[in-house]
1. Just to be sure I understand, how many residues within region 103-139 are polar (S, T, N, Q), touching a strand residue (DSSP E or B) at 6+ places or on another chain (Cβ under 8 Å) and not in a loop (DSSP other than H, G, I, E, B)?
2. What is the one condition in (1) in contact with a helix residue (DSSP H, G or I) (Cβ under 7 Å, 6 or more places away or on another chain); (2) surrounded by 16 or more Cβ atoms within 10 Å (Cβ to Cβ); (3) in contact (Cβ under 8 Å) with a residue 60 or more places away in the chain that Trp111 does not satisfy?
3. Count, please, the residues in region 64-79 that happen to be assigned to a loop (DSSP other than H, G, I, E, B) and surrounded by fewer than 18 Cβ atoms within 10 Å (Cβ to Cβ).
4. Pairs needed: first member in region 142-155, in a loop (DSSP other than H, G, I, E, B); second member anywhere, surrounded by 14 or more Cβ atoms within 10 Å (Cβ to Cβ); C-beta distance under 7 Å; at least 6 residues apart or different chains.
5. Check Asp142, Asp82 and return the single one that is more than 19 Å from Ala38 (Cα to Cα) and either out of contact with any strand residue (DSSP E or B) (no Cβ under 7 Å at 6 or more places or on another chain) or crowded, with 21+ Cβ neighbours inside 10 Å (or both).
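Computed from the coordinates by the stated procedures, all read-outs in this text should not be read as laboratory data. Note that the coordinates shown come from a computational prediction; the quantities given were computed from them, not determined experimentally. Heads up, the Cβs are rebuilt from the backbone with ideal geometry, glycines too, and the neighbour counts pull from every protein chain shown.
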Amino acid sequence: MRARKVALALGIGAGLSAIGGQAFADAAYCPDLKRVVALAATQEKFASIAGQPREGNFRDTTVPLTDWRDCSLYGLRSYTCDSRAFATADAAEKALAGIVDEMRNCLGDGWIEDKSRSSPVYVVLQSAQIAASMTLSTDATDRKEHVVRLILFLRGR
């Protein structure tokens, strides 16, 4: 059963590995994202990629997304990363739409946008195969840089 969940999370079970074309090939972080999502389907969740402790309940992760920054875990049920910095909020908002497309191409049709909870600066994707959701939103850092923030979290117990 565990192997089936991992296969579905990766899109292999549904034959989705070929979906995405050029956008899939261009997303350098796709293999990392698939690995993190596959771990979400396991009993250990993100424990195997937990790194050094940070402030509060945050930990570094040993699997950061390629070309993303400040990737970390919050507890063992949430994974977060920030995109590269953008000069303006408008630029981050424009980048968000492209990143959402890349992520959906990477993860396949099993990840569906919840349009009732999404906006131009906040997108919710939910997995149809595993109890996981992802939010992608624009945000400003303490340095006043604009980023797209990814949070992958596990639903349920």
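1. 6
2. (3)
3. Of the residues in region 64-79, 5 are assigned to a loop (DSSP other than H, G, I, E, B) and surrounded by fewer than 18 Cβ atoms within 10 Å (Cβ to Cβ).
4. Glu145/Ala85; Arg155/Ala131; Arg155/Ala132; Arg155/Ser133
5. Selected residue: Asp142, the only one of Asp142, Asp82 that is more than 19 Å from Ala38 (Cα to Cα) and either out of contact with any strand residue (DSSP E or B) (no Cβ under 7 Å at 6 or more places or on another chain) or crowded, with 21+ Cβ neighbours inside 10 Å (or both).
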